[in-house]
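The values are calculated or read from the model by the stated rules, or taken from the named source; none is laboratory data. None of these values were measured; they are calculated from a predicted model. Every residue, glycine as well, gets a Cβ built from its backbone with ideal geometry; the counts of neighbours run over all protein chains shown. Note: areas computed on protein heavy atoms with side chains; ligands, DNA, RNA excluded. Shrake-Rupley method; radii C 1.70, N 1.55, O 1.52, S 1.80 Å.
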Amino acid sequence: LWDGRALIVGGADMPESYDPVNRSYSMVRTECTHRFGPTTTLLNDGRVLVIGGRDDEGCAEIFDPVTGGFTRIGDLIVGRQDHTATLLDDGTVLIAGGRKGNSIITDTAEIFDPVTETFHLTGNLGSGRSRHVAILLPTGEALVAGGLKSYSGPDDCVDTAEIYDPASGTFEALPTAYIPCGFPVLTPLNDGMVLITSEDHLAQLYDPADRTFSTTRGKMNISRSGHTTTLLTSGDVLVLGGRDRGDSLYAAWASAELYDPQARTFSMANGIAQKRWNHAATLLVSGQVLLTGGQSQQMTSTGEPEEAWSSLS
C-alpha cells in the first residue's frame with residue numbers, strides 16, 4: 001500500500017494488514033470470505049481491487065487504505081479463481097482466464113473500470129488458462145503465459161504465451177513461445193525485459209520490443225515451481241522457495257538465489273528459515289521482502305509467522 005503497509009488476502013481467514021514499523025498484523029473485515037486463488041491489484045488511486053477466488057468466485061470488492069475497510073462493488077461477469085488481474089496504463093484492470101468450481105477453465109477476459117466500478121467483457125484468450133501468469137509490458141500491452149488447461153492428466157499444461165492489445169481489446173498468440181509447466185513466474189526488469197523462471201532450472205527473457213524469447217546465460221541453480229521472484233531496489237531479482245514437481249511429496253525448498261540482469265546469471269543467496277512454496281513475497285519500503293503463508297508439503301499449511309529477507313544482510 002502507499003502508506004508502507006502490506007495487505008494480505010486469501011486463504012481460510014479474514015484479510016489482514018501488516019505494519020512493517022511495529023511488525024504487527026490487524027484483521028480487516030470483508031463481505032467475501034474464504035478466498036482461495038483471488039487476485040489483488042493496487043489501483044492508481046491507492047485503493048486495492050480484490051476479486052474472485054474460491055469460495056467467492058464472483059465477489060468483487062475494493063479496499064480503501066484511508067478508511068481501512070472493504071466495500072463490495074458487485075460481482076465479476078464470469079466468476080473465477082486462479083485467474084490474473086493486470087493493471088493497464090489507462091488505470092483499468094485486465095482480468096483473464098481462471099477456473100470456476102473445481103474443473104471448468106475459462107478463456108474469457110473482462111475489464112474493470114475503477115471510475116465507474118463496473119466490469120465489461122473484452123476479447124477471449126486464445127487458450128483457456130488457469131494458474132497462469134500475466135504482466136504489463138512497457139509497450140502498454142499485457143503478456144499472458146503458461147498455466148493449465150485442465151486438471152485431469154500429465155498433458156494439462158498450456159506451454160504458450162499471448163499478448164493483449166488494449167487498443168483493439170484482443171489477444172494475439174506468440175508462436176515462438178515455450179513456457180514449461182510448473183507455474184512460471186514473470187518479473188519485470190528495469191531495462192524493460194521480462195524474466196521468466198520455471199521448473200527444470202529454466203530461465204528465459206522476453207523482449208517486448210521485438211517479441212522474442214531467449215534463455216539466460218546461466219540457469220537457476222534449483223528447479224523451482226510455486227516460487228516467488230521479487231525485483232529488488234538494486235535491480236537484482238530475488239528468487240525464493242518453491243518445490244520440485246518431480247518430488248512425489250512436493251516437498252518445498254528453503255533455498256534462495258539472486259539473478260543479476262547485467263551478467264544474466266544466477267547465484268545462490270542466504271536461504272529462508274521455513275521451507276515454503278505457493279507463498280507470497282512483497283517488497284516493503286525498507287527494501288526488505290515480506291514472505292507470508294505457503295505450504296511446506298502438498299496440501300499442508302506452514303502455519304509459520306512471516307519472515308523478512310534483507311538484501312543488506
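Considering PRO20, PRO38, PRO15, the condition of being surrounded by 18 or more Cβ atoms within 10 Å (Cβ to Cβ) and touching a Gly at 6+ places or on another chain (Cβ under 7 Å) is satisfied by PRO38 alone. Scanning the stretch 46-75 for residues that are open to solvent by less than 20 Å² (accessible area, probe 1.4 Å) and at positive phi returns GLY46, GLY52, GLY53.
Please work out if ALA209 is at pLDDT 90 or above, more than 19 Å from the chain's Cα centre (by Cα) and farther than 23 Å from TYR151 by Cα.
Here the answer is yes, as ALA209 does meet what is asked.
Scanning the stretch 164-173 for residues being free of Cβ contacts under 8 Å to residues at least 60 places away in the same chain and either crowded, with 19+ Cβ neighbours inside 10 Å or closer than 16 Å to THR228 by Cα (or both) gives a total of 0. Has the stretch 76-84 got at least one residue that is among the charged types (D, E, K, R), open to solvent by 10 Å² or more (accessible area, probe 1.4 Å), closer than 21 Å to PRO184 by Cα and within 18 Å of the chain's Cα centre (by Cα)? So far as the stretch 76-84 goes, yes, one or more of its residues are among the charged types (D, E, K, R), open to solvent by 10 Å² or more (accessible area, probe 1.4 Å), closer than 21 Å to PRO184 by Cα and within 18 Å of the chain's Cα centre (by Cα).
For the stretch 1-12, the candidate set comprises residues that are open to solvent by 30 Å² or more (accessible area, probe 1.4 Å) and at pLDDT below 90; within that set, the residue that is farthest from ARG72 (Cα to Cα) is ALA12.
Selection of strands (runs of 3 or more DSSP E) fully inside the stretch 105-204 by the criterion of at least 2 residues being closer than 22 Å to ARG264 by Cβ returns 133-136, 142-145, 185-188, 194-197.
Within the stretch 260-280, is even one residue in contact (Cβ under 8 Å) with a residue 60 or more places away in the chain, in contact with a Gly (Cβ under 7 Å, 6 or more places away or on another chain) and within 22 Å of ILE8 (Cα to Cα)? Yes - at least one qualifying residue is present in the stretch 260-280. Screening the stretch 174-192 for residues that are under 20 Å from the mean Cα position of the chain (by Cα) and open to solvent by 40 Å² or more (accessible area, probe 1.4 Å) and picking the one that is farthest from ARG211 (Cα to Cα) gives ASN190. Among the residues of the stretch 107-153, those identified as at pLDDT below 95 and open to solvent by 60 Å² or more (accessible area, probe 1.4 Å) are ARG131, LYS149, TYR151, SER152. Filter the stretch 248-294 down to residues that are β-branched (Val, Ile, Thr) and within 16 Å of the chain's Cα centre (by Cα) and give me whichever is farthest from THR215 (Cα to Cα). That would be THR292. Residues in the stretch 208-221 that are farther than 10 Å from PHE266 by Cα and either part of a loop (DSSP other than H, G, I, E, B) or not hydroxyl-bearing (Ser, Thr, Tyr) (or both): PRO208, ALA209, ASP210, ARG211, PHE213.
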